[in-house]
1. Against the condition farther than 26 Å from B:L44 by Cα, out of contact with any helix residue (DSSP H, G or I) (no Cβ under 8 Å at 6 or more places or on another chain) and open to solvent by less than 50 Å² (accessible area, probe 1.4 Å), how does A:S210 come out, does it pass?
2. Using the structure shown, decide if B:R228 is under 25 Å from B:D82 (Cβ atoms), basic (K, R) and without any contact (Cβ under 8 Å) to a residue 40 or more places away in the chain.
3. I'm told A:A203 meets every condition in (1) modelled with pLDDT under 95; (2) touching a strand residue (DSSP E or B) at 6+ places or on another chain (Cβ under 7 Å); (3) away from every other protein chain (no Cβ under 14 Å) except one. Can you identify the failing condition by its number?
4. Being open to solvent by less than 50 Å² (accessible area, probe 1.4 Å), under 19 Å from A:A73 (Cβ atoms) and not charged (D, E, K, R) is the requirement here; does A:G109 meet it?
5. Between residues in segment A:85-101 that are more than 14 Å from A:A73 (Cβ to Cβ) and residues that are of a type in the set (D, E) and not in a helix (DSSP H, G or I), which pairs lie under 6 Å by C-beta distance while being six or more apart or on different chains?
6. Residues to consider are B:A47, B:A61, B:A95; find the one that is at pLDDT 95 or above, under 14 Å from B:A203 (Cα atoms) and in contact with a helix residue (DSSP H, G or I) (Cβ under 8 Å, 6 or more places away or on another chain).
7. Provide a single number: the residues in segment A:24-62 that are more than 12 Å from chain B (Cβ to nearest Cβ) and of a type in the set (D, E, K, R).
There are 2 protein chains.
Amino acid sequence: MFDSGVGGLTVLRAIHERLPSESTVYLGDTARVPYGPKSPETVLRYAREASRFLVAQDVKAIVVACNTATAHARRVLSEEIDVPVIGVVDPGAQAAVAATKTGMIGVIGTRGTIESGTYERAILRVRRDAEVFSVACPLFVSLAEEGWVDGPIAQLTAQEYLTPLIEKEIDTLLLGCTHYPLLAPLIGRVAGLGVTLVDSASATAAETGSQLDRAGLNSTATSPPERRYFVTDDEARFTELAEGFLGAPARVVDRAVLDDESSD
Amino acid sequence: MFDSGVGGLTVLRAIHERLPSESTVYLGDTARVPYGPKSPETVLRYAREASRFLVAQDVKAIVVACNTATAHARRVLSEEIDVPVIGVVDPGAQAAVAATKTGMIGVIGTRGTIESGTYERAILRVRRDAEVFSVACPLFVSLAEEGWVDGPIAQLTAQEYLTPLIEKEIDTLLLGCTHYPLLAPLIGRVAGLGVTLVDSASATAAETGSQLDRAGLNSTATSPPERRYFVTDDEARFTELAEGFLGAPARVVDRAVLDDESSD
């Protein structure tokens, strides 16, 4: 699994819960986080480098645990790489369609994810008559990383971002960024009781399980699974933030070098 | 001049005002913004790549218009590069010492700048008995880029970050991040009348003028100065944000490729 930073750990947590006997390798591209504001071609380049690193670790499937990278790179990676490549967008979109009664779905994410329109297209592929309303919420990432997931600042920020969606009378809100589960209790309160929150993490874990089943790749190991963590920068900061996202400590194994540093 | 993104345009604006006949080349490393949370060695690598790009543009001096890059790279760049390399830290520190009466100085910046302790050391070099109190304010960058520079969210965030400094009874507050001048009116209101705000931009412009004078490098051109802008990613977003920071529109000339992309 790779992500631009720590956010993907919310997806990894769901995978650990659902597929407890699978070993995992997590790569956080913390030297180049965030991917959200970057252009599609730059994000594709980063995603290719991350995938190459994971393939070299001998993984049997790759989870793109980053909404921006899924939007800009999952399809291309699927064509280029021999193992299954699972993104967070389609599982999230399917879960949102399964949850909605009225077909009025809100989507929130980073600027990059929202501007790409990927979630909207993915939802409309599953349910053609859905109405999708999208809002970019860039401050949510900073709030999650600062640990300000409650209190008046987070509350006002959520109201500012979500009011246009509430006014559209959505009945389902898809958290289209892996950082947002940390803010889910607050987002749920602001969105109100009539709105079902859907996040991609558990849907992606389920999809990963199905794909491993279909390919006959499930773990048959009897030894306990390994859980390895790599980052491209600042192990200390990653470790500090990780527990909040993963629900357990993550000990970084090593620093991964992704881009070609021969120019130094 | 280079910066991790758009923030350095507040420094460029000060240079355009103070040295109006000088031509400028601005490089915003928008593909890898922000530098703040990245490690010293990664920031140094990025700064070297940016400087190499500017030297190839035939510049006669380089302004490192990014506090994080100044903290981690200015000294090394000065030794490696033949033209003067001016950072934002020493001019800012000198301006803060000139402004304080009590010697109680607050410094705010990104996590990277604050944790490096660079401003604190720079201030203590100029005034050994100063007392420096530092706070990292990561949300301020998001607020500035979102344009939320006033209103209750910005107000509460500023109170949250600045209250510990106000309680120390600082009389001077150094804005140690190039994004923060956009929030200066709000920061000034929250800090109160007894606190003088100092930002590095105009101090850095003055220092650049002095260094050009000393080296006999001032422009003697009679043609109007050129102002060129390069980014490493997302020209559209840069152009959209630029006017708020620069006080004038910035038209991007081209995309700069900094890291070695031969691995694609």
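1. yes
2. Here the answer is no, as B:R228 does not meet what is asked.
3. Tallying (1) modelled with pLDDT under 95; (2) touching a strand residue (DSSP E or B) at 6+ places or on another chain (Cβ under 7 Å); (3) away from every other protein chain (no Cβ under 14 Å), A:A203 fails exactly one: (2).
4. Answer is yes for this residue.
5. Sorted first by the residue in segment A:85-101, then by its partner, the pairs are A:T100/A:D171; A:K101/A:D171.
6. Selected residue: B:A95, the only one of B:A47, B:A61, B:A95 that is at pLDDT 95 or above, under 14 Å from B:A203 (Cα atoms) and in contact with a helix residue (DSSP H, G or I) (Cβ under 8 Å, 6 or more places away or on another chain).
7. Residues that pass the stated criteria total 2.
Rundown of residues vs (1) facing chain A (nearest Cβ under 10 Å); (2) crowded, with 18+ Cβ neighbours inside 10 Å, yes/no style:
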residue	(1), (2)
B:R121	no, no
B:R127	no, no
B:A130	no, yes
B:F140	yes, yes
B:E145	yes, yes
B:P152	yes, no
B:T157	yes, yes
B:L162	no, yes
B:L165	no, yes
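The values are calculated or read from the model by the stated rules, or taken from the named source; none is laboratory data. Note that the structure is predicted; figures quoted are calculated from it, not measured. Ideal geometry is used to build each Cβ from the backbone, glycine not excepted, and the neighbour counts take in all protein chains shown. Protein only, heavy atoms only, side chains kept; ligands, DNA and RNA dropped before computing areas. Shrake-Rupley method; radii C 1.70, N 1.55, O 1.52, S 1.80 Å.
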